[in-house]
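What follows is a set of notes on a single structure, which appears directly below.
The values are calculated or read from the model by the stated rules, or taken from the named source; none is laboratory data. Computed from a predicted structure; not experimentally measured. Neighbour counts run over all protein chains shown; Cβ positions are idealised from the backbone, glycine included. SASA here: full protein model, heavy atoms, side chains in, ligands and nucleic acids out. Shrake-Rupley method; radii C 1.70, N 1.55, O 1.52, S 1.80 Å.
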Amino acid sequence: MTASIRPLVEQYVEVIAVLWTQRRLAVTGASHDLSTLAALDERLAAHLEGLQVSGAAGWHESLRAVDDTAGPGEAFTAAVLALDAGDADGLSRLLQRIEAAPAQPDGTDALDGVIGACGWVERSRLLHIAGDWLSSPDARLRRLGVAACAAHRVEPRRHWAALIEDPVPAVRSRALRLAGELGTLPLLETCLDRAATEDHPEVRGWAAWSAVLLGDREAGLRALLDHAAERPGGASFDLALQVQDARDAHGWLKRVAAQGLDLRTLLRGSGLVGDPAYVPWLLDQMAVPTQARLAGLSFSLITGAVLESAPLRGEPVPGADAGPTDDPDDEFVGMDPDDGLPWPDAAAVAAWWQGHRERLPAGRRLLTGEAPDEAHLLHVLATGRQRARSIAATALALRRPGQPLFDVEAPVARQHLALNARREETASA
């Protein structure tokens, strides 16, 4: 690498890692919609293109960055270069470097960056290598292969049986989760069996989660509710609140809360239930700085009120960060979990509610102020922010067992194609 080009290549590698980390937070946050995600995707794509143009210099610098930090952002950068170039040997070297690297102080896993790269590149770049991963003797690669299938909503076909019987719980659970994500109805009985017989709680939870997405509302739902009550706040908890009607979901949430549910999980759960009956309580919580923003999010998810701008947006309260979550598996334990959420003006929001409460009666489920029928769910997928879009995607899958779960974390161009396909399918039904 010449001295003149090295600073530019180093800058590309550094910026790409930062942008990917920003995107990773954005897709699970509450402040981004498709348009802002698209802008982030465009910046990321432009920097990746610049790095690819640099050829061997870009590849060597991306590997050096992995050696230096072994963070997921650096791993994403190198993995995209290897996958786009069809460089299986280079990808193997990257994975060896990740394996040899020390654990990250913040608990993040560099392999997540490789998984992110699998979702970023086009499906054609993975056709052969993902098949090798699925049958690899290395459990990490098998898990990576399943994640690649999930990112592109592709069946692992002849590998299903082996993956579901995999001796490593992390691979089994990811495979069972994939069955629900893909809407693979022939695996419903397998999911029900694993939900009832698995010893490992993570495997059991994902089996129940998929069984419910695949249409079961009896044994699978009971297993899901049991798992969610034992581990509130995760994917099982979210689905448990969405699959029940508003009245049953409220009753279940109340019972779980009586077992010692923390306030933040309860606040989040109220937005998932979507019943305007929670609004008076949420208004009270908005007056407490440490939970005001999360209460405002749930209020917005239920009512559709826009808190991001005047007159409902309030002023930040200095020193009132919510702090890290109490989830030991949270990768971002040092960050304020409400970062990016608007500060509500509690008095203005209460006044807004007085003017809208008549059209939002209690006792039913709403999403952004409307009944979650198919047309509204598609509208939210097209125009809503990420938290609402995630709820809409799950609601659509629950309405139509056997349909893939819409991926609200995919590259935006791919999401637009999938959304257009859903609209055409709905119009022709």
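Odds and ends about this structure:
- Count of region 340-375 residues which are free of Cβ contacts under 8 Å to residues at least 60 places away in the same chain and either open to solvent by 60 Å² or more (accessible area, probe 1.4 Å) or out of contact with any Ser or Thr (no Cβ under 9 Å at 6 or more places or on another chain) (or both): 12
- Residue check: Ala110 meets all listed conditions (1) open to solvent by 10 Å² or more (accessible area, probe 1.4 Å); (2) modelled with pLDDT under 95; (3) over 17 Å from the mean Cα position of the chain (by Cα) but one, namely (1).
- The set of residues in region 26-37 that are open to solvent by 20 Å² or more (accessible area, probe 1.4 Å) and closer than 16 Å to Ala410 by Cβ comprises Thr28, His32, Asp33, Ser35, Thr36.
- Here the helices (runs of 4 or more DSSP H) wholly within region 233-296 that include at least 3 residues being open to solvent by 20 Å² or more (accessible area, probe 1.4 Å) and within 21 Å of Pro201 (Cα to Cα) are 235-243.
- Region 301-311 - residue that is in contact with a helix residue (DSSP H, G or I) (Cβ under 8 Å, 6 or more places away or on another chain) and open to solvent by less than 60 Å² (accessible area, probe 1.4 Å) and, of those, farthest from Asp336 (Cα to Cα): Thr303
- The residue that is nearest to Gly234 (Cα to Cα), counting only those in region 377-387 that are touching a Gly at 6+ places or on another chain (Cβ under 9 Å) and open to solvent by 10 Å² or more (accessible area, probe 1.4 Å), is Arg387.
- Looking across region 171-217, just one residue is open to solvent by 50 Å² or more (accessible area, probe 1.4 Å) and of a type in the set (Ser, Thr, Tyr), and that is Thr197.
- Enumeration of residues in region 399-429 that are open to solvent by 30 Å² or more (accessible area, probe 1.4 Å), under 22 Å from Leu301 (Cα atoms) and assigned to a helix (DSSP H, G or I): Arg399
- Complete set of residues in region 132-170 that are crowded, with 17+ Cβ neighbours inside 10 Å and of a type in the set (A, V, I, L, M): Leu134, Leu141, Leu144, Val146, Ala147, Ala148, Ala150, Ala151, Leu163, Ile164
- Inter-residue pairs, beta-carbon under 6 Å, first touching a residue at least 12 places away in the same chain (Cβ under 8 Å) and in region 171-186, second of a type in the set (S, T, N, Q) and crowded, with 24+ Cβ neighbours inside 10 Å, 6+ apart: Leu176/Ser210; Ala179/Ser210; Gly180/Ser210
- Being open to solvent by 30 Å² or more (accessible area, probe 1.4 Å), at pLDDT below 95 and more than 25 Å from Ala410 (Cα to Cα) is a property that Asp68 has.
- Among the conditions (1) in contact (Cβ under 8 Å) with a residue 24 or more places away in the chain; (2) assigned to a loop (DSSP other than H, G, I, E, B); (3) not charged (D, E, K, R), the only one that Gly113 does not satisfy is (2).
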